[in-house]
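Here's the structure, in structure tokens; my notes come after.
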């Protein structure tokens, strides 16, 4: 196995996890069980323990969660609202309002690496870029870009000056979102790079080494090195499996992609070219059938009641689609799946 | 028979496996709603081209994928009027009980006998492999079921006719 399992979280009353986020210091885990509430877990002696905090401010399914470097939690929901949560000195989580100005559901959210601003991808075909407005005492949104369909993926450049957006209209666009003290910079909102992806985009990631990666429904991961300028060629790496839903750079030259195959897949850059390194979860060996005809017939009978016939679920750590993936330091990353588990992995 | 059923079902299984990669997708047109894109076709970009897998013109399967829902329609082989009648009754029996079958569509797509509608919420509750198995097993069974019903129907008709005609033979 290329990656080892550090910890695994499974709660009896959580059957589906549609998104999760782990703070950069791994201390806090926020997850949404495909509903309106957000649960907070805290790291106690190397395991995540559920805290009493249930963040219930949204009125529809929460679609995106993200922790900032200042340990603020951003949550966005299908009910067109977003909240920024911060822990008080007494341990309570206090929300602050976001004036999102969204016409439709919010689909994804991302803090800028410096933690001062955040972006929210909207179903109304644009992106809301939010910053703290001192006078009105709330987060205020500015709209960036206009796509032909919903914005499903976001990624910030490590410099916090550029924002990459991916849309279901098959296009990936990088916008200049630099801001100064007075407000928007001169080039604010202008597209810098536009790429056609051939299918709708599921996720985007930016590496520290200026590489933009995006994955689409046709099971490809495309890499574009922005060091070589905006006309640099796109490397198209095809995966012989089902499409990916989430991407995460766990190093300058390592990318983890997860999705409908139930297992994380590692991509590596070797000699300047990206390639598939393989599945990170090779699965347990298939147990040999027990001796005796009685035992076999029992197995045969039990097969009818098993949730899966191919036995694929039994051999990988996750037994359903992986819906979100978030990287943190030391080659570690976490994945959450529709089977209700969150797993923290470490590359070996 | 030149083509056996197995490769036909195998192709359908592979296509369904690839098509059933669904995710949550709130509507772009109506706020606070999430609805099957394949039924409403709100956004053209998230509805790829449909696929038809056919053994011949009488027996085929239509798979219409989209970002959050897949519609699978089946046309069952009907070689004569009896099979047509049986198929219609059989499909009617299922569609009246559609809520128990969860993924069954109440009304079949034009030109097909039975349709399934699978959305992303079904995949959250059920295993994907199990859904694909269900559809394949259903297709295997419906052929067999209609053949059995036809034989049973013919046997009963013959018995009824023989019983009816026997009164004449006794008088004669």
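Nothing in this text is a laboratory measurement; each read-out follows from the coordinates by a stated rule. Only a predicted model underlies this, so the values are computations on that prediction, with no experimental measurement involved. Cβ placement follows ideal geometry from the backbone for every residue including glycine, while neighbour counts extend to all protein chains displayed.
How long, wide and thick is segment B:5-171, going by the Cα atoms along their three principal axes, in whole angstroms, largest first?
78, 33, 26
Can you pull the mean other chain C-beta count within 10 Å for peptide B:120-129?
5
Give me the percent relative contact order of segment A:1-142, please, defined on Cα pairs under 8 angstrom at least 6 residues apart.
For segment A:1-142, the relative contact order is 14 percent.
Calculate the tail of P(r) for chain A: the fraction of all Cα-Cα distances greater than 29 Å, expressed in %. Mind showing how you got there, number by number?
Working: 23952 of 60378 pairs.
When all Cα pairs of chain A are counted, 40 percent exceed 29 Å.
As a test of understanding, state the convex hull volume per residue of segment B:50-148 from its alpha carbons, in Å³.
101 Å³
In degrees, nearest 10, range 0 to 90: what is the angle between the Cα axis of helix A:293-303 and the longest Cα principal axis of chain A?
Helix A:293-303 sits roughly 30 degrees off the main axis of chain A.
Give the distance, in whole Å, between the Cα centre of segment A:4-49 and the Cα centre of segment A:316-348.
11 Å
Quick one: Kirkwood hydrodynamic radius for segment A:196-286, alpha-carbon pairs, angstrom, one decimal?
13.3 Å
Please give the direction-averaged projected area of the C-alpha convex hull for segment B:1-73, in square nanometres with one decimal. Let's see the in-between values first.
Numbers: hull surface 21.1 nm².
Its Cα hull, projected and averaged over all orientations, spans 5.3 nm².
Okay, helix-only estimate at 222 nm for chain B: each DSSP H run of n ≥ 4 adds -39500 (n - 2.57), divide by all residues, round to 500 deg cm²/dmol; what do you get?
Values: 6 runs with 89 residues, N = 172.
After summing the helix terms and dividing by residue count, I get -17000 deg cm²/dmol.
Share of Cα-Cα pairs in segment A:21-65 beyond 13 Å, in percent?
53 percent
What three numbers, in Å, describe the spread of the alpha carbons of segment A:86-171 along their principal axes, ordered from the longest?
46, 29, 25
Take every residue in peptide A:152-162, count the Cβ atoms of other chains within 10 Å of its Cβ, and give the average of those counts. Write out the running numbers ahead of the final one.
Working: counts 4, 0, 0, 0, 0, 0, 0, 0, 0, 0, 0.
That works out to 0 on average.
Using only the alpha-carbon atoms, how far is helix B:128-171 inclined from the longest principal axis of chain B? Give it as 0 to 90 degrees, nearest 10.
Its long axis makes an angle of about 20 degrees.
Can you tell me the order of A:225-237, B:60-72, A:62-74 when each peptide is scored by its average per-residue count of other Cβ atoms within 10 angstrom, highest first?
Most protected by this proxy first, the peptides run B:60-72, A:62-74, A:225-237.
Starting with the highest mean, order A:317-330, A:47-60 by the number of other Cβ atoms within 10 Å, averaged over the residues of each peptide.
The packing order, highest mean first, is A:317-330, A:47-60.
Relative contact order of chain A, please, whole-number percent, based on alpha carbon pairs below 8 angstrom and at least 6 residues apart.
Here the relative contact order equals 14 percent.
So if I take the centroid of the Cα atoms in segment A:201-270 and the same for segment B:1-67, what is the distance between those two points in Å?
Computed from Cα coordinates, the inter-centre distance equals 26 Å.
Counting only other chains, what is the mean number of Cβ atoms within 10 angstrom of the Cβ of each residue in peptide B:18-25?
So the per-residue partner count for this stretch is 6.
Need the full-extension length gain, residue B:35 to residue B:13, defined as separation in residues times 0.36 nm minus the C-alpha distance. One decimal, nm.
5.4 nm
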